[in-house]
Amino acid sequence: MDFEKLSDREEAIGKAIVNAAFKVHSKLGPGLLEKVYEICLAHELKKEGLLVSRQLDIPIQYDGIVFDEGLRLDLLVENLVIVEVKAVDTVNPVWQAQVLSHLKLTNHRLGYLINFNVAKIKEGIKRIIL
């Protein structure tokens, strides 16, 4: 199976997301509400000049019908990369599958599942490529 390489733009956005997650985690640490991390991560990305949409409702098409309440993305960066933010003790494997489903339904290729409730943020970052 051949996989198409991510674009340089997608890679650059991904790097910016990881860097911003490290910055937020180093300033705030673990133990806060998910929404706090989401807001601060979006802020850090915007400071880098990136377009960030929060809590974005994405319609889905099923059986020829468009449903407006299809799914909600925590963050969509530059209309290219999806970020799902968590602040939990244990990451449920279904959340990784959720990001993969979001990628499929939106025709995006790169997503991140970031759990801020960890001692070291590198342990909380999962990169997902479609």
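Nothing in this text is a laboratory measurement; each read-out follows from the coordinates by a stated rule. Nothing here was measured: the structure is a model prediction, and the numbers come from that model. Here the Cβ positions follow ideal geometry from the backbone for every residue, glycine too, while neighbour counts run over all protein chains shown.
Computed quantities for the displayed model
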quantity: Unit charges on C-beta of K, R, D, E only; dipole of segment 1-120, Debye; calculated: 500
quantity: Across Lys5/Lys86; Lys35/Lys120; Lys35/Lys104; Lys46/Lys120; Lys104/Lys126, pairs whose alpha-carbon gap is larger than 21 Å; calculated: Lys5/Lys86; Lys35/Lys104; Lys46/Lys120
quantity: Stretchable slack from Leu28 to Arg72, in nm (0.36 nm times residue separation minus alpha-carbon distance); calculated: 13.3 nm
quantity: Separation in nanometres of the label points that stand 7 Å from Cα toward Cβ, at Gln61 and Asn79; calculated: 1.7
quantity: For the chain, with +1 on Lys and Arg beta carbons and -1 on Asp and Glu, the positive-most of His25, Val88, Asn107 along the dipole; calculated: His25
quantity: Selection of GluC sites (Glu not before Pro), segment 1-63, meeting DSSP coil and at most 12 other Cβ within 10 Å; calculated: Glu4
quantity: The chain - share of DSSP beta bridges that are antiparallel (%, nearest 5); calculated: 75
quantity: Rel. contact order, % - alpha carbon contacts under 8 angstrom, at least six apart, the chain; calculated: 23
